[in-house]
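**Q** Have a look at the structure that comes next, please.
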Amino acid sequence: MIEFILDRYNYLIVITLMMIGLYIVFSRGNLVKTIIGLNIFQTSVFIFYITIGKVAGGTAPILMGGYGGGHGDGHGDTYHGNGHDKDHSAAHDGVHDKLAYEQGVDAGTADSIYPANDLEAAIRSASDQVLKAESDLHNVPEEFADSANQLASDAGLIESDTTNQMSDTLHDAPSELARSAESHANALYDGAASSGEAHGSAYAGDAAAYAGEILYSNPLPHVLILTAIVVGVATTAVGLALAVRIQEAYGTIEEDELEAEDYKAEFGHPITEEAVG
Amino acid sequence: MSIAPGLEHLPALPVVIPMIAAPVALLMRPGTTPWLWASIVSWVTLICTIMLLDQVWHSGPIVYEMGGWAAPLGITYYIDLANALVMLLVAAMASVVFPYARTSVEAEIDRRQIPAFYTALLICMTGLLGVAATGDAFNVFVFLEISSLSTYALVAMGARKDRRALTAAFNYLIMGTIGATFYVIGLGLLYQSTGTLNLLDLHEQLANQENKVVEAGFAFIVTGIGLKLAMVPLHLWLPNAYCFAPSAISAFLAATATKVQIYLMLRYVFTVFGFEFPFLEVALNAFLILGITGMFYASIVAVFRDNVKQMLAYSSIAQIGYMLLGISFGTVDGVAASLIHVFNHGLMKAALFMGVGCVVLRLGSSHFHAFKGLAKRMPWTAWGLILSGLSLVGVPPTVGFISKFQLMEAAFQTSTFISPLLVVLLIGASSLLAAVYIGRLIYAMVLEQPPEGAEKITEAPYTMRAALWLMVIANFYFFFHTDLTVDVAHQAAESLICTSAGCGGAY
């Protein structure tokens, strides 16, 4: 029983904070203290959401290894690229650079997570180029349109193959992995770039992350609670502003005195002892 | 159906237009410009909601994907008849109350605050429309807080006339925030067991889930929304907030704010959880008891209030009891009656609060003393109040009669644990209580003499009287033309209740 509770200590914290907050709100004497109670109450909800989103053993939901300095050049070249061909070659360069770097660094390491990271990063960078290339696709002459359509259907197959094989190859030697990854990444790039299906390749990148078994915490509750924090701050601000105005209008922010004043305003005479008792 | 070009974004427009217009109003000089701007925006929004309702009526529910992101991941706006009707109500009330507000607001709030006032009003409108339009559960919370935060500020602006507006706004803020936080907790629990935030997707994921987490989530959400809609034991914030707010705000809030929450409750109880959810019966029984308690408790308190605004505020709580009663039947007719009353009560309460606002403008008080002999001093306002008051009681030929009739008809066809006949009699009895407090007001206005030596007063300005009488006429119009309310509400109730498990009552 005790173990059951201790295992869920985070919920215990949430409930304790919630009760403390609500108690302060209800047993208030002072308006500012009430707002502080409200804040504690809301904080318990924030912790609750963080608890929901946390996956045991998972890292922060930040893409691991992606967007490092290794392929920055490729980015720079293509960002304002004018033509399809230029993008094409530049993207390839980016992928090649990355893979070469990877082979050098990871050749000796046995840990399979890191290659997966870099593989994923490579594919990320490839898909990134694709995203850029996509915008330029509109400039491609009409002839490309037909072949693009045909390749579009191929791209789906290639992607699913890619992810399947990736998980297989992850246990192999890094250099082999890199070679296969290179071909896959190229195929992926060609297919996706031609069809303009940039989203598809981005998903392939995610799939690669799964293949590497990097466990991420669920980012959505964190995003939600960021929104809720903003709302909470706004509420606190309005509440404190009201407390300031009440202080100006009544000269006090003590609940009992305010009630006595309002009673007097309503019934024309102050609260007597009998009325209270 | 093919949609006319440019109209594919129609579901988002009623939310987006006031949202963009709000900060613009803040930049304007104090005076009539912000008022004119807000009024025009409200009319444009009204046109959008009418087109939206028309489109939903003819071609079925609309799913609009915000930014083109598909359903379970992206935020979708899901518009069916139920929320199209509620959005129409909000926009219609705004388009009547905003023009009305001009003179009343100039008299009641600080001149420097006028641009801020209309900004907050537009933001409030955005929030209310957003709650109704969105199909994403967390988006509901964000819009709920957008509307609530602006409402706190608007209520507090009544402080120039009476400083009690400040304490009323503060209490509203505390209660409202607790309600919203309860909603978020409940949502977290539901997310934990389903992994989705889309309201329709939630329904599918929740099917066949029966555990304590979901039940706790349900309880938190119902309590949270219950706080926001002033369900009886949780109503304490409402009377003072409505009483001390500027008159135009009282009219707008009474007609829209709690109504949107009723819609939200319907959406959660029937669309998200549905009858497959075994815990629902407990909630419906609770609504039945709380609804009837509210009808009587709030009506009795209203009879003894000496401030007419406060009396009307308590009457609002009683009317919410009727709506909860309609929900608690758990049938298409019951929910339809609830939706009809949402719409009709909006019309009545807007008219009543606007009438009181005219009196406050000319006599500076909403106390019963000010209403003595009003029929002689301000005949237009007084008769407007009398006719809309009769509508509140439920006298034919007014919309109040339609509401009561539909509710009683629905009550006869249900088999709750209280016998139907008793429920019908209770509805009748609480209507009598409404007759008592409205009768008291009418007595003061028609039969009592104005105080000795009272100086002659002029009628309220034309804009205010026109808005008041527009609402009074609407109270009669919708008695004779029930296709908008009754037909739409019945279809909307069917769309709410008839889910994958088919139609039918909870019992």
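**Q** If I ask for residues that are at pLDDT 95 or above and within 12 Å of chain A (Cβ to nearest Cβ), which ones from region B:121-139 would you list?
**A** Correct list: B:Ile123, B:Gly127.
**Q** Also: Since B:Leu206 meets every condition but one in (1) under 25 Å from A:Ser44 (Cβ atoms); (2) facing chain A (nearest Cβ under 8 Å); (3) surrounded by 21 or more Cβ atoms within 10 Å (Cβ to Cβ), which condition does it not meet?
**A** (2)
**Q** Ok, one more. Take A:Phe41 and decide whether it is closer than 26 Å to A:Leu258 by Cβ and either surrounded by fewer than 13 Cβ atoms within 10 Å (Cβ to Cβ) or more than 10 Å from chain B (Cβ to nearest Cβ) (or both).
**A** Answer is no for this residue.
**Q** Next question. Condition first: touching an Asp or Glu at 6+ places or on another chain (Cβ under 7 Å) and either in a helix (DSSP H, G or I) or farther than 26 Å from B:Tyr263 by Cα (or both). Can you find one or more residues in region B:392-412 that meet it?
**A** Yes: one or more hits.
**Q** Please verify whether B:Gly394 is on the phi > 0 side of the Ramachandran plot and under 26 Å from the mean Cα position of the chain (by Cα), treating the condition exactly as stated. Steps first, please.
**A** On the way: on the phi > 0 side of the Ramachandran plot: yes; under 26 Å from the mean Cα position of the chain (by Cα): yes.
Yes, satisfied.
**Q** Could you list, in sequence order, the residues of region B:25-35 that are in a helix (DSSP H, G or I), buried (at least 16 other Cβ atoms within 10 Å of the Cβ) and of a type in the set (A, V, I, L, M, F, W, C)?
**A** B:Ala25, B:Trp35
**Q** Select from region B:277-310 the residues that are hydroxyl-bearing (Ser, Thr, Tyr) and closer than 20 Å to B:Met408 by Cβ and list them in ascending order. First the steps, then the outcome.
**A** Here is the first cut: in region B:277-310, the ones hydroxyl-bearing (Ser, Thr, Tyr) are B:293, B:297, B:299.
Of everything in region B:277-310, those that are hydroxyl-bearing (Ser, Thr, Tyr) and closer than 20 Å to B:Met408 by Cβ turn out to be B:Thr293, B:Ser299.
**Q** Please enumerate the residues belonging to region B:140-173 that are touching a residue at least 40 places away in the same chain (Cβ under 8 Å), within 7 Å of chain A (Cβ to nearest Cβ) and surrounded by fewer than 22 Cβ atoms within 10 Å (Cβ to Cβ).
**A** Residue satisfying the conditions is B:Arg164 alone.
**Q** Another question, if that's okay. Among the residues of region B:182-203 satisfying the criterion of being under 23 Å from A:Lys33 (Cα atoms) and within 8 Å of another protein chain (Cβ to nearest Cβ), which is surrounded by the most Cβ atoms within 10 Å (Cβ to Cβ)?
**A** Top of the filtered list is B:Val184.
**Q** Follow-up question, since we're still on this one. Could you tell me whether B:Val272 is aliphatic (A, V, I, L, M) and without any contact (Cβ under 8 Å) to a residue 24 or more places away in the chain?
**A** Details: aliphatic (A, V, I, L, M): yes; without any contact (Cβ under 8 Å) to a residue 24 or more places away in the chain: no.
For B:Val272, the condition - aliphatic (A, V, I, L, M) and without any contact (Cβ under 8 Å) to a residue 24 or more places away in the chain - is not met.
**Q** Restricting attention to region A:240-253, which residues are outside any helix (DSSP H, G or I) and surrounded by 14 or more Cβ atoms within 10 Å (Cβ to Cβ)? Walk me through how you get there before you give the answer.
**A** We begin by selecting, within region A:240-253, every residue outside any helix (DSSP H, G or I); these are A:251-253.
A:Thr252, A:Ile253, listed by residue number.
**Q** Residues of region A:6-38 being in a helix (DSSP H, G or I) and within 10 Å of chain B (Cβ to nearest Cβ), which ones?
**A** Let us first name the residues in region A:6-38 that are in a helix (DSSP H, G or I), namely A:6-7, A:9-26, A:31-38.
Scanning region A:6-38 gives A:Val14, A:Met18, A:Gly21, A:Leu22, A:Val25, A:Phe26, A:Leu31, A:Thr34, A:Ile35, A:Gly37, A:Leu38.
**Q** Is it fair to say B:Gly179 is small (Gly, Ala, Ser) and facing chain A (nearest Cβ under 10 Å)?
**A** Values: small (Gly, Ala, Ser): yes; facing chain A (nearest Cβ under 10 Å): no.
No; evaluated as a whole, the condition is false for this residue.
The values are calculated or read from the model by the stated rules, or taken from the named source; none is laboratory data. The structure presented is a predicted model; accordingly, all values stated were derived computationally and were not measured. Cβ coordinates were reconstructed from backbone atoms using ideal geometry, including for glycine residues, and neighbour counts include every protein chain displayed.
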